[in-house]
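First the structure, in the form of structure tokens, and then the observations on it.
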Amino acid sequence: MTIGGSIALIIIGAILAYAVNYQFSGIDIRLVGVILMVGGLIGLVVGIVRIVSARRTVARRPPAAIREEHYYDDDPYEPRRRY
């Protein structure tokens with residue numbers, strides 16, 4: 001869950017818990033709002049912990065590529081000369 005999603009859950013839960021005065025039979029709207037706020041808070045804490053722990057890891061550069069070049073004086077397709 002992202003930080004934005006967690007904040008959205010907190011806002012929706014607060015609206016349900018404190019601003020809605022509608023009654024459903026068998027469903028307590030205020031309890032649903034509190035549950036959403038708690039879930040949003042847990043998601044927010046987890047998101048912040050993930051961001052903080054990701055910044056602690058040191059990004060190391062990969063070792064430079066080793067390039068080997070071979071130069072030969074003789075042409076392999078030319079017959080050898082004997083001096």
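Remarks
- Along the stretch 6-12 the Karplus relation, 6.51 cos²θ - 1.76 cosθ + 1.60 evaluated at θ = phi - 60°, assigns HN-Hα couplings of 5, 5, 4, 4, 5, 5, 5 Hz to successive residues, with x for each Gly and Pro.
- Order of 60, 50 under a 10 Å beta carbon neighbour criterion, fewest first: 60, 50
Only the coordinates and a few stated rules stand behind these numbers; no lab work does. Treat the numbers as computed from the prediction; the structure is a model and nothing was measured. So basically every Cβ, Gly included, is an ideal-geometry build from the backbone, and we count neighbours across all protein chains shown.
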